[in-house]
Amino acid sequence: MELIYEKSRNGRTGVDFPLLDTPLQETLSEKYLRKEKASLPEVSELDVVRHYTVLSKLNFSVDTHYYPLGSCTMKYNPKATEKVAGLESFNIHPMIPQLPSGENFTQGALEVLYKSEKLLEEITGMDSMCSQPMAGAHGELVGIMLVAAYHKAKGNKKKTVIVPDSSHGTNPASAAMAGYEIITIPSLPNGEMDFDLFKEALNNEVAAVMMTCPNTLGIFETRIKEIADLAHSFDTLMYYDGANLNAIMGKVRPGDLGFDVVHINVHKTFGTPHGGGGPGAGPVGVKKKLIPYLPVPLIGKHTDGTFFLDYNHPESIGKTAPFYGQFGVLIKAYAYILLLGKEGLIDATEKAVLNANYLMKKLKAHYDLPYDRTCMHECVFSAKNQLQHKVHALDIAKYLIDQGIHPPTVYFPLIVKEAIMIEPTETESKETLDWFIDIMIGAAEKAKTNPEVLLNAPFTAPISRPNETKAAREINVNYFFKK
Amino acid sequence: MKYTPHTETEIKEMLADIGVSSVSELFKDIPESLRTRFFDIPKPFSEYEIIEHFQKIGKKNKTDLLLFTGGGYYDHYIPSAVDALSSRAEFYTAYTPYQPEAAQGTLQSLYEYQTAVCAITGMDAANASLYDGGTGVAEAVLMSFRLTNRNKVIIDGSLNPIYKKILHTYLDNLDFTIIEIPHQNYGTNREKIASLIDDDTASIVVQNPNFFGTIDDFQDIADMIHEKGGLLIQTVYPLSLGMLKTPGETGADITVGDGQSLGNPLSFGGPYFGFIAVKIKHIRQLPGRIVGETEDKNGKRAFVLTLQAREQHIKRHKATSNICSNQNLIALRGLFYLSLIGKKGFQVVASQNYQKAHFTLTELLKIKGVSLKNKNPFFNEFVLELPKNASETVEKMLSKGIAAGIPLSLYTPEDKNALLVSVTEKRTKEEIMKLAETMGEVLWN
Amino acid sequence: MQTFYTKDHEWIKVENKTGTIGISTFAAEQLGDITYVELPSIGKTLKMKEVLCGIESVKAASDIYAPVSGKVIEVNENLENTPEVINQSAEGEGWIAKIEIASLDELKNLMNPDQYKKYLEDLNS
């Protein structure tokens, strides 16, 4: 499709500004001015609206398509939460509460942050929460910084972080960014982290163990408490990647499993929209011993019930976001939790697990299931049986696009060859699941009888398969850049 | 309110198919002793109640303040079509465009976004956005360490204090050195910077306009650092680029900043987006997602995530950054904004900010004892020396419904009487006169 | 002139004290379309098994290790703009760097072509 820049016509204008109502002032010396005008498009408002509306329709989205993308929890995003976040009364300049007496002007916004943190503490079983981190991976980085601050204060000499080989790529990347070396522990044939190898690898130099539970295979780590106890005996902290929290709400809490630090992906568990890849929000929760290091300001509550910005944490790691986190996202998560309430959160978890087990059961005759046991909120198949017909997981993914379904996550976790990771989510009905199951079974059949429809898919999408090699070799990331 | 569609009959059928008798059997892997017994979460709200509830909480905020508060985050006009387009569910309920055939809308938009960032900054290549300006500065500095194999960064003291704090939080536990050069008359202390650049200096971070609103031309600093094999990182207030010399023209290697001013509400501190753009030769060290143009197998134009081998999902602990998501929807709002106001509007809005701020200064200088602290020209923000304590003045002004600015004593206690005042295109002549009049009364009555 | 292989699928062709290094045809096939080679700098000294440089394909990034210790004396600048040469001719035109070998003794840790062939067969079975 044409770019907005290609629709530009000299002299055409879009949204206007009021005429300047103040008398003209002195002009700025030439040397401070840009020489050429920025190459922004010259288009009308309708040009812009139509261009991006048409573009938007090229996307698959939760509102338009089934989206069983494993590890991403693409559940329905309630519209009421959008409405709440759009209330003009929360559109406040973030410096206001930092001004003298300014907190009085922002009590409502501070209340939202304070109370949502309290609810997240209860859901995760942690002692204190901080909403600053701006995404899941950012929460991980902040969490590992807290771990580092804890060890530094105690005089511990720690150098490494342990992750299982099924972990998200962000776990080792976050730990490395905080200055740690990575030790990777392989998984057992039952999908759990190898406890014996873990025991061998653990020593006084290990700062933290980063895990998600259930893990990325959708399997609950049954020895998690033993792992945590053993880690703690070396003063090694337990880090919980909250990516899969949707599987356990009201059933078990990371804090009770022995985790010391957690981050939450509110765009996964608490129904805030993914926005095409962001904004998310990644609040971090900690046990008591880590509270002194949390980023500031925290949100405090006076005995008279008013809320304030709490900077009184001399051992704080500092500042990890410009203000108090992604407020516009956090307020949606808060509204979501209140809407569902206790019963609703438990119900969401139960239905997420029910849906995943149903899908797993119905598909396992047709696809290789490397870990054949009760799963939690997601299940991981392998397309390795389809390989004999030269059909890969990627081909099945592309075929699904032709059927109007967003593909599951493929090729992750890395430890499963030809992985197809399906997370149905709780907001999908049985008939949607049955429809998806039929199509997946059809794909397995076609792999045998008519592989071409998979190998050359998609046929009906806005584009056929793009040449990614060309994109990487002949880099073109800016329309106006000429080599 | 529940969003699960399961009927009792369906649940029974599904359980029978799975081969278990109850949902609780599916949770058997969770050891009994660890189960949650008490889950202290309130009862559900209905949809009607939730909206009422938040309207009520919202009333506890006071949002009709007349804003002259900036500090890197500004009250600009947002065209209606920005909200309309970003409210399209096809954009906001989609996920990361890992499947390009099902995400051309997001991918092409991001390519256009990257192009817009390059167009306004005069750089070669941009990524698909970072969390915000502050973490963007940290990423840029880390990038400069990787590119030069050096580990020292010099930062101009007139950099936004929020960025400085975030940078320290990111670097303090690592093997890097940050040297901060205090500002001189609310501008850059060039002599001091020149004396400190050495062969270990990876980069210098400067800001234009700086935190105090001062405009500068950093070409000389670019030359100085390049001579020593280091890099210039320039952070910018993107809206000012409708007027000001671009980082590209200045010779910056990396430019970074906060995109809030481009079509995004203040929203109590977020979500905003960070933009980062570089000279093409540095592209492989850029963190985060990048979209590239290519062709599909029929030769049709197509867009994909590219150079993914830099990223954590492939390179894990050796990745350029741990960053996974971008601020997609917020960055797209920036694109919608820039497209809607277009080439001309971008110039107009910058110029109005400049004009109105200068008019405001003229009016405020009429108050007895008020003077300007910036030595160099400024854009839409400036530092006033008040005849009285700035913090107390701001408090009194707030009680009269005016947020008159940021007392610099929040950052440097010795700056007792200094006030940072910001003016955007939204402030009318009448509002500016009201600011001046009220400040006169507060100071002298 | 003799060629040796490592378990990480690098090859080194030795002539006097100069070793030419690349990745094996098998490794190139595994990586798929190669999009970028981060060439080492000339003069860099390496111990055996240290990272010589990085190589990227669309969906993978790998490190290339020095088969033996030495100093980089030449790099294949062709690869800068045409990394696909490695896919076309991994063990010929697609060489990556030449090093001055520090100690010829270290070569005995490596496999000869027959041993490498056998090693690949074992990997596949």
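The values are calculated or read from the model by the stated rules, or taken from the named source; none is laboratory data. No experiment lies behind these values; they were computed from the predicted model shown. With ideal geometry, Cβ positions are generated from the backbone for all residues, glycine too; neighbour counts draw on all protein chains shown. These accessible areas exclude ligands, DNA and RNA; they are computed on the full protein's heavy atoms, side chains included. Shrake-Rupley method; radii C 1.70, N 1.55, O 1.52, S 1.80 Å.
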Expressed as a whole-number percentage, the relative contact order of region B:80-337 with C-alpha contacts under 8 angstrom and at least six residues apart is 27 percent
For the residue pair residue A:303 and residue B:368, what label-to-label distance in nm results when each label sits 7 Å from Cα along the Cα-to-beta-carbon direction? 4.5 nm
Taking a probe of 1.4 angstrom, what is the accessible area of residue A:154 in Å², to the nearest 10? 110 Å²
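Treat region B:275-328 as a sphere of radius equal to its Kirkwood radius over Cα pairs and apply Stokes-Einstein at 10 °C in a medium of 1.306 mPa s; give the translational diffusion coefficient in µm²/s, rounded to a whole number. Before the final figure, lay out each step's value.
Working: Rh = 12.3 Å.
After rounding, the answer is 129 µm²/s.
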Cα extents of region B:1-148 along the principal axes, largest first, in whole Å, come to 65, 44, 35
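Using only helices, what value at 222 nm comes out for chain C when you add -39,500 (n - 2.57) per DSSP H run of length 4 or more and divide by the total residues, to the nearest 500 deg cm²/dmol? Display every interim value, and only then the final one.
Details: 4 runs with 27 residues, N = 125.
Result for chain C, helices only: -5500 deg cm²/dmol.
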Cα principal axis extents for region A:1-76, largest first, Å: 59, 28, 27
Per-residue HN-Hα couplings for region B:374-390, Karplus 6.51 cos²θ - 1.76 cosθ + 1.60 at θ = phi - 60°, whole Hz, x for Gly and Pro? 5, 7, 8, x, 10, 9, 10, 8, 8, 9, 9, 9, 8, x, 9, 4, 5
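For the protein assembly as shown, compute Rh as the Kirkwood radius over C-alpha pairs and then the Stokes-Einstein diffusion coefficient at 10 °C and 1.306 mPa s; write the answer in µm²/s, rounded to an integer. Can you show the working numbers first?
On the way: Rh = 30.0 Å.
Rounded, D is 53 µm²/s.
Taking the radius of gyration and the Kirkwood hydrodynamic radius from Cα positions alone, what is the Rg/Rh ratio for region A:160-199, to two decimal places? Intermediate values should be presented prior to the final figure.
Numbers: Rg = 10.5 Å, Rh = 10.4 Å.
When Rh is taken as the Kirkwood radius, the ratio is 1.01.
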Round to the nearest 0.05 the FRET efficiency obtained for residue A:9 and residue B:83 when R0 = 25 Å and r is the Cβ-Cβ distance. 0.45
What's the buried accessible area, both sides, between B and A using a 1.4 Å probe, rounded to 100 Å²? 16900 Å²
Might you work out the accessible area of residue A:65 for me, using a 1.4 Å probe with all protein chains in place, and round it to the nearest 10 Å²? 50 Å²
Region A:157-253: trypsin sites (Lys or Arg not before Pro) falling in loop per DSSP and having at most 16 other Cβ within 10 Å: A:157, A:159, A:223
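Would you mind getting the accessible area per residue of chain A, heavy atoms of the protein chains only, 1.4 Å probe, in Å²?
Details: 15720 Å² over 483 residues.
Ligands and nucleic acids excluded, the result is 33 Å² per residue.
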Between the residues B:261, B:222, B:250, the Cα farthest towards the positive end of the dipole of region B:178-261, that dipole coming from +1 and -1 charges on the beta-carbon of Lys, Arg, Asp and Glu, is from B:261
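Are any of the pairs A:289/B:165; B:62/B:368; A:35/B:152; B:315/C:44; A:75/A:417; A:251/A:361 more than 29 Å apart by Cα-Cα distance, and if so, which?
Values: A:289/B:165 24 Å; B:62/B:368 31 Å; A:35/B:152 33 Å; B:315/C:44 24 Å; A:75/A:417 27 Å; A:251/A:361 22 Å.
Violating the 29 Å limit, Cα to Cα: B:62/B:368; A:35/B:152.
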For the full complex of protein chains and a 1.4 angstrom probe, list C:1, B:1 by accessible area with the highest value first. C:1, B:1
Region A:434-483 and region B:16-48: distance between their alpha carbon centers, rounded to Å: 39 Å
At 222 nm, what helix-only mean residue ellipticity would chain B give, in deg cm²/dmol to the nearest 500, using -39500 (n - 2.57) for each DSSP H run of four or more? -11500 deg cm²/dmol
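Would you mind giving the mean number of other chain beta-carbons within 10 Å of the Cβ of each residue in A:26-36, as a whole number? Before the final figure, lay out each step's value.
Working: counts 5, 6, 9, 4, 1, 4, 11, 7, 14, 4, 4.
Across the residues of A:26-36, the mean count of other-chain Cβ atoms within 10 Å is 6.
Averaging sequence separations of C-alpha pairs under 8 Å and six or more residues apart, then dividing by the length of region B:218-304, give the relative contact order as a whole percent.
Values: 96 pairs, mean separation 17.6, N = 87.
About 20 percent, as a whole number.
Between beta-carbons, use under 11 Å as the cut-off and find the net charge around residue B:148, counting Lys and Arg +1, Asp and Glu -1. Let's see the in-between values first.
Details: positive: B:146, B:150, B:152, B:228; negative: B:199, B:200, B:253.
After counting each charged neighbour, the total is +1.
What Kirkwood Rh does region A:81-338 have if only Cα atoms enter the pairwise 1/r average? Answer in Å. Before the final figure, lay out each step's value.
Working: mean 1/r = 0.0537 Å⁻¹.
The Cα-based Kirkwood calculation yields 18.6 Å.
May I ask you to give the average projected area over all directions of the convex hull of the Cα atoms of region A:342-467, in nm² rounded to one decimal? Write out the running numbers ahead of the final one.
Working: hull surface 33.8 nm².
If I average the Cα hull's projected area over directions, I get 8.4 nm².
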Volume per residue (Å³) of the convex hull spanned by the alpha carbons of chain A is 208 Å³
Could you give me the percent of Cα pairs per 5 Å distance bin for region B:315-385, shortest bin first, beginning at zero and ending with the bin that holds the maximum distance? 3, 12, 14, 12, 11, 10, 11, 11, 8, 4, 2, 1, 0
Test of understanding: in a Gaussian network model of chain B with alpha carbons linked when under 10 Å, which of B:252, B:128, B:102 would top the mean-square fluctuation ranking? B:102
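Which percent, nearest 5, of DSSP beta bridges in chain B are antiparallel?
Values: 24 of 44 bridges.
Antiparallel bridges: around 55 percent, rounded to the nearest 5.
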Residue-ordered couplings for region B:181-188, obtained by feeding phi - 60° into the Karplus form 6.51 cos²θ - 1.76 cosθ + 1.60 and rounding to whole Hz (Gly and Pro as x), are 9, x, 5, 10, 6, 6, x, 7
Would you please state the base-10 log of I(q)/I(0) at q = 0.17, 0.19 1/Å for region C:2-124, with intensities from the Debye formula using one equal scatterer on every alpha carbon? -0.79, -1.00
Where does the charge balance sit around residue B:161 when Lys and Arg score +1, Asp and Glu -1, over other residues with C-beta under 11 Å from its C-beta? +2
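For region A:50-92, run through the trypsin sites (Lys or Arg not before Pro) and keep only the ones in DSSP coil with at most 14 other Cβ atoms within 10 Å of their Cβ.
Details: sites: A:50, A:57, A:75, A:79, A:83; in loops: A:57, A:75.
Within region A:50-92, the qualifying trypsin sites (Lys or Arg not before Pro) (loop, at most 14 other Cβ atoms within 10 Å) are A:57.
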Average beta-carbon neighbours from other chains, 10 Å sphere, peptide B:255-268: 4
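When the helices in chain A are scored as -39500 (n - 2.57) per DSSP H run of 4 or longer and the sum is shared across all residues, what 222 nm value do you end up with, to the nearest 500 deg cm²/dmol?
Values: 14 runs with 166 residues, N = 483.
The helix-only estimate for chain A comes to -10500 deg cm²/dmol at 222 nm.
Let's test the formula: R0 of 25 Å, r as the Cβ-Cβ distance of residue A:127 and residue A:417. What FRET efficiency results, to the nearest 0.05? If you can, show how the numbers build up before the last one.
Details: r = 41 Å, r/R0 = 1.66.
Efficiency, from the Cβ-Cβ distance: 0.05.
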Could you state the orientation-averaged shadow area of the convex hull built on the Cα atoms of region A:391-435, in nm² to one decimal? 3.6 nm²
With charges set only on the Cβ (+1 for Lys and Arg, -1 for Asp and Glu), what does the dipole of the protein assembly as shown come to about its Cα centre, in debye to the nearest 20? 1040 debye
For region A:336-382, what is the convex hull volume of the alpha-carbon atoms per residue, in Å³? 69 Å³
Number of partner chain Cβ atoms within 10 Å, mean per residue of A:2-14: 4
Considering only DSSP beta bridges with both partners in the protein assembly as shown, what is the antiparallel share in %, to the nearest 5? 70 percent
Would you pull out the residues with amide H under 5 Å of residue A:134's amide H, same chain only if 5 or more places away, H placed 1.01 Å from N? A:139, A:282
Quick one: grab Rg to one decimal and Dmax as a whole number for region B:344-406, Cα atoms only, in Å. 13.4, 42
For q = 0.30 Å⁻¹, Debye-computed log10 I/I(0) when each Cα of region B:8-55 counts as one equal scatterer: -1.03
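If you scale each eigenvalue of the Cα gyration tensor by 5 and take the root, what three semi-axes come out for region A:1-155, rounded to whole angstrom and sorted largest first?
On the way: eigenvalues 326, 164, 83 Å².
Working from the Cα gyration tensor, I get semi-axes of 40, 29, 20 Å.
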Working note, chain B: Cα radius of gyration (Å, one decimal) and Dmax (Å, whole number) are 25.4, 84
How much of residue B:38 can a 1.4 Å solvent probe reach, expressed as accessible area in Å² and rounded to 10? 140 Å²
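Any idea what the alpha-carbon Rg over 2.2 N^0.38 Å comes to for region B:69-181?
Details: Rg = 17.8 Å, N = 113, 2.2 N^0.38 = 13.3 Å.
It is 1.35.
Give the average over all directions of the projected area of the C-alpha convex hull of region B:80-337, one decimal, in nm². Mind showing how you got there, number by number?
Values: hull surface 56.7 nm².
So the mean shadow area of the Cα hull is 14.2 nm².
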What ³J(HN,Hα) values, in whole Hz, does the Karplus curve 6.51 cos²θ - 1.76 cosθ + 1.60 give for region B:151-163 when θ = phi - 60°, with x put for Gly and Pro? 9, 10, 10, 9, 10, 6, x, 8, 6, 3, x, 5, 5
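What is the dipole size for region B:80-337, taken about its Cα centre, with +1 at each Lys and Arg Cβ and -1 at each Asp and Glu Cβ, in debye to the nearest 20? Could you put the intermediate results ahead of the total?
Numbers: 22 positive and 27 negative charges, 138 e Å.
I would put it at about 660 debye.
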Expressed in angstrom and rounded, the centroid-to-centroid distance over alpha carbons for region B:251-303 and region C:51-78 is 29 Å
Can you tell me the relative contact order of region A:1-79? Whole percent, Cα pairs under 8 Å, sequence separation 6 or more. 37 percent
Tell me, what % of the accessible area of the protein assembly as shown is carbon and sulfur with a 1.4 angstrom probe? 48 percent
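Based on the Cβ-Cβ distance of residue A:438 and residue B:445, what FRET efficiency does E = 1/(1 + (r/R0)^6) give at R0 = 60 Å, to the nearest 0.05?
Given R0 = 60 Å and the Cβ-Cβ separation, E is 0.15.
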